[in-house]
């Protein structure tokens, strides 16, 4: 396999592939790239050159490779590397990192046997979750969509307390998949019920695990947001 771009992401990829016993070649235009010392320590073959150039790809062994992973920090270099790799060898699978999601979709539709992912699109939910008052457990990429696995507390700010489990569900958007009951609510808050009864009334202090789209989770959190207090109306009455 060929890994083009030996920055932070590329370095982690070559380490994991090496741990799996896969023969790897690392490519970067910068001889001082972050992953160069790691590749040398692991005995991984290194090719210095522009990742999209034919001579660089041939030197890395594109003709015999099973896959190419292009993870440079350039939305120009990565698809160009993929296109040139496909022109030089039809067999390898190609994985491309892109920042622009529209471009990622077009690249995947255009280049056969290619998977493209927008890193900013995939990372956005995690960054958004860090700003919100709930615990993000995981983000899951499904096709070109991202699902969020989050744990939301049934407190005064969530709007969950007093609602039944079935009433929280939004088909295709949000679903409660687990319930951690509060202490004294029948099980202790260290136990997770992965099949909560649909008719269970959520109690204050419960923790609800939901699988949702970004829109579904935002809708749930907005529902629980307290409305802004109305401005005081000056009195017009006289003494």
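The values are calculated or read from the model by the stated rules, or taken from the named source; none is laboratory data. Everything quoted here is computed from the prediction, not taken from an experiment. Because the Cβ atoms are built from the backbone with ideal geometry, glycine has one as well, and the counts that use them run over all protein chains shown.
Looking at region 7-27, which of the residues that are without any contact (Cβ under 8 Å) to a residue 40 or more places away in the chain and outside any helix (DSSP H, G or I) is surrounded by the fewest Cβ atoms within 10 Å (Cβ to Cβ)? That would be 21. For region 54-64, the condition of being on the phi < 0 side of the Ramachandran plot, in a loop (DSSP other than H, G, I, E, B) and modelled with pLDDT of 90 or more holds for none of the residues.
Go through region 66-81 residue by residue and tally those that are surrounded by 21 or more Cβ atoms within 10 Å (Cβ to Cβ) and either outside any helix (DSSP H, G or I) or in contact with a helix residue (DSSP H, G or I) (Cβ under 7 Å, 6 or more places away or on another chain) (or both). Reasoning before the result, please.
In the first step, residues of region 66-81 are kept if they are surrounded by 21 or more Cβ atoms within 10 Å (Cβ to Cβ); the result is 68-72, 78-79, 81.
Now drop any that are not either outside any helix (DSSP H, G or I) or in contact with a helix residue (DSSP H, G or I) (Cβ under 7 Å, 6 or more places away or on another chain) (or both), which leaves 68-72, 79.
Residues in region 66-81 being surrounded by 21 or more Cβ atoms within 10 Å (Cβ to Cβ) and either outside any helix (DSSP H, G or I) or in contact with a helix residue (DSSP H, G or I) (Cβ under 7 Å, 6 or more places away or on another chain) (or both): 6 in total.
The strands (runs of 3 or more DSSP E) found entirely in region 83-202 include none that carry 2 or more residues being modelled with pLDDT of 85 or more and out of contact with any strand residue (DSSP E or B) (no Cβ under 7 Å at 6 or more places or on another chain).
When residue 40 is tested against (1) over 21 Å from the mean Cα position of the chain (by Cα); (2) over 22 Å from residue 21 (Cβ atoms), only condition (2) is not met.
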